[in-house]
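Reviewing the structure listed below.
Just so it is clear, none of the values below were taken in a lab; they were calculated from the coordinates. The structure displayed is predicted, hence computed values, not measured ones. We place every Cβ from the backbone using ideal geometry, glycine too, and count neighbours over all the protein chains shown.
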Amino acid sequence: MWIMQGIDRPNRVLVTGLGVISPLGSDASANLRSLLDGQDSVAPVTSFDVTKTRCKTAGQIPDAWLKNGLPTGRVADRLHRGARMAALALREACQSAGGANPELMVIGTTGGGMSYGELFYRRLLTTRSRKGFAKLVGNYTPQKPIQDALELNQLRIPTQILTNACSSGSNAIGHGFELIRHGLRTCVVCGGYEPLCELVFVGFDSLQAATAEKIRPFDKNRTGLVLGEGAAFLILESEKSAAQRGAVALAEMVGYGVSTDTYHLTQPHPSGIGPRLAMQRALESGDMEAAGIDYVNAHGTATIFNDATEGAAISDVCGQVPVSSTKSMMGHSLGAAGAIEAAFCVLALREQFLPPNINFLEPDPTWKFEVVSNHSRAARVNHVLSNSIGFGGTNATLILRRV
């Protein structure tokens, strides 16, 4: 396609490093085991009071995991949970890339360090003391956890932060992909981070998007989402750069598509036009046909409207393809979701398996695709497609290939 259009063939973009921390595990190996086992990591919320909310569960990362190898003392006291997540995932990504030299970081998030802002206003209303206020104000902005993560990993590189609702993590990876593909960069670290925060939790509960039951993506009787948290980073590198330093590629990124359906602030267009366009554009970007997709990691929030919209789009574009939502195991990590799910797709390609869609009971007869229900399974997987769908009609699709 590129030659036919008179365009120089773009650079190949390889994934040479991967780091992830989520409720499913403290690193990539632990996450892989949980995906293979179909582990349910959604549990009662312990971070804040949920006695007055309908939903009382979330996917949470244990505090003990966030202390692994990070500083103690005064430095540790000011670190936000988001900074700890990002630092650990970034450390693993850089170590697995074996000497990569990223020129740029592109990161997606939505809440950032918002929980420090919550603490600031609570203390402002309840105490006259201003002790600790500077720490809260200085560390609540979305960029501060990333600055801390870079400093803890001794990296000094420019950083771009994208906040595009639940597509943020996928947009960050897609942007890094485009920069390398078109020769503007040779190595980019990209991904997303998102700590659980009370304001966002209560917001989704108020919208009645969260469920008091188990999260059941693509189930005919689904009742809503639960929230999660985590961080993931991919090291993307041009083929030439990877070859020069003898790097081992974990996967190749081949396609990226975006769309905005601008239908409603929180509800996607019922026709599925938004995610359909994103998937089609990703396929065009990768110069491939939908028949070549072996697995779709869906956005799959388990809300009535999201799954109906995305289900229609996947059926139209990909037909009878295996589909699962890994949110069923760990909840929806918002701005980090696309990055975490891209990391899971790399693991699926490397280990040749399909991650499960747990808590699944009854299929919806209106869709063509097959839900990978309740248990992972071995499969020949050469191309995977990962969807992200956000409020405001923001849609992003990534396509990765086995190497």
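Across the chain, the relative contact order, built from alpha-carbon pairs under 8 Å that are at least six residues apart, equals 24 percent. In percent, rounded to a whole number, the relative contact order of the range 150-197 is 28, using alpha-carbon pairs under 8 Å and six or more apart. Between Phe360 and Asn374, the built amide H atoms are under 5 Å apart, and every one of these is 5 or more places off in sequence or on another chain.
In the range 5-89, Cα pairs under 8 Å separated by at least six residues give a relative contact order of 27 percent. Taking the three principal axes of the alpha carbon atoms in the range 336-383, the coordinate ranges are 31, 27, 18 Å, sorted in descending order.
Computed over the range 76-219, the P(r) curve from all C-alpha pair distances, binned at 10 Å from the origin, holds 11, 34, 30, 19, 6, 0 percent per bin. Listed by chain and number, the lysines whose alpha-carbon sits under 29 Å from that of Lys220, ignoring those within fewer than 8 places in the same chain, are Lys52, Lys56, Lys327, Lys368. Positive end of the dipole of the chain (Cβ unit charges, origin at the Cα centre): among Pro158, Asn357, Gly300, the Cα lying farthest that way belongs to Pro158. All distinct Cα pairs of the range 25-146 go into the 1/r average, and the inverse of that average, the Kirkwood radius, is 16.9 Å.
Here is how the number arises for the chain: DSSP H runs of 4 or more residues each give -39500 (n - 2.57), the sum is divided by the residue count, and the result at 222 nm is -10500 deg cm²/dmol. Between Thr110, His383, Gly82, the Cα set farthest toward the positive side of the dipole of the range 13-401 (charges on each charged residue's Cβ, about the Cα centre) is that of Gly82.
If R0 is 35 Å, the Cβ-Cβ spacing of Val202 and Phe305 corresponds to a FRET efficiency of close to 0.95. Binning the C-alpha pair distances of the range 306-355 at 10 Å intervals from 0 yields a P(r) profile of 22, 48, 30, 0 %, listed from the shortest bin outward. The trypsin sites (Lys or Arg not before Pro) of the range 294-403 meeting both criteria, a DSSP state outside H, G, I, E and B (loop) and at most 10 other C-beta atoms within 10 angstrom of the site's C-beta, are Arg380.
With the cut-off at under 18 Å, measuring from each backbone N in the range 173-215 to a point 7 Å along the Cα-to-Cβ line of Gln154 picks out no residue.
Pick from Ser167, Ser241, Ser26: which residue has the top mean-square fluctuation in a GNM of the chain where Cα pairs under 10 Å get a spring? Comparing Ser167, Ser241, Ser26 in a Gaussian network model of the chain, the most mobile one is Ser241. Distance between the C-alpha centres of the range 224-246 and the range 320-360: 15 Å, rounded to the whole angstrom. Listed by chain and number, the aspartates and glutamates placed with their C-alpha closer than 15 angstrom to that of Lys144 are Asp77, Glu194; residues fewer than eight positions away on the same chain are left out. Counting charges near Gly113 (Lys, Arg +1; Asp, Glu -1) among other residues having Cβ under 12 Å from its Cβ returns a value of +2. Beta-bridge orientation, the range 13-401: approximately 65 percent antiparallel, per DSSP, counting only bridges with both partners inside. Rounded if a/c is under 1.5, else prolate if a/b beats b/c, else oblate: with a ≥ b ≥ c from the C-alpha gyration tensor eigenvalues square-rooted, which is the chain? In terms of gyration-tensor shape, oblate. The alpha-carbon of Lys240 sits under 19 angstrom from the alpha-carbons of these aspartates and glutamates, leaving out residues fewer than 8 places away in its chain: Asp8, Glu103, Glu178, Glu252. Just so you know, the averaged projected area of the alpha carbon convex hull for the range 222-348 sits at 8.6 nm². Remark: the Arg380-Thr72 segment gains 106.4 nm on full extension, using 0.36 nm per residue and subtracting the alpha carbon distance. Placing +1 at every Lys and Arg Cβ and -1 at every Asp and Glu Cβ, with all other atoms neutral, what dipole size does the range 300-367 have around its Cα centre, in debye to the nearest 20? The calculated dipole for the range 300-367 is roughly 220 debye. Give the calculated FRET efficiency between Leu265 and His182 to the nearest 0.05, with a Förster radius of 25 Å applied to their Cβ-Cβ distance. Calculated value: 0.15.
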